[in-house]
1. Taking R0 as 35 Å, what FRET efficiency do you get between VAL114 and LEU54 from their Cβ-Cβ distance, rounded to the nearest 0.05?
2. Between ALA94 and SER45, what FRET efficiency follows from the Cβ-Cβ distance if R0 is 35 Å, with the result rounded to 0.05?
Amino acid sequence: MASGSVERPLGSLASHCLTPLPPAPCLVHPCFPGVQCENVPSEESLGSMGFRCLGCPSGYEGDGVACLDIDECAALLNGGCDNATACTNLPDGAGRTCSACPAGFTGSGETACVDDNEVLPPSDPSRFGSPGPSLADP
Ligand SMILES: [Ca+2]
């Protein structure tokens, strides 16, 4: 009894070998999460594929492969917060926050802190010395 042999039709094998597809680098997700990847023909070797990452998400900076959180407080003057407030950087592309306006001011650090009195003295009288405690008559 002859042992069976399996013959594979050549056609099915050949069809897999005739047109080798270039590997698509974007299939392995080489870009930073959330960044769009684009397969592009490699400039170094003809017929192979490279990739391009299309920018970092909002709140990040980098080349699209590596993206780092932007420290908005350092990048802008006080992060764009009113100078009377404190800017706090938020990680993971979440931007930054401004602290509340100090007592006696209305508004927010995001817009502007406005003095409740709204009227500022032309100069600080304490610069010229205050009258001090009045002397009681003897
Ligand atoms: Ca940030």
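1. Computed FRET efficiency for VAL114 and LEU54: 0.25.
2. The formula returns an efficiency of 0.30 here.
Every read-out reported here was derived from the displayed coordinates using simple, explicitly stated rules and does not represent laboratory data. What you see is a predicted model; the values in this text were computed from it and never measured. So basically every Cβ, Gly included, is an ideal-geometry build from the backbone, and we count neighbours across all protein chains shown.
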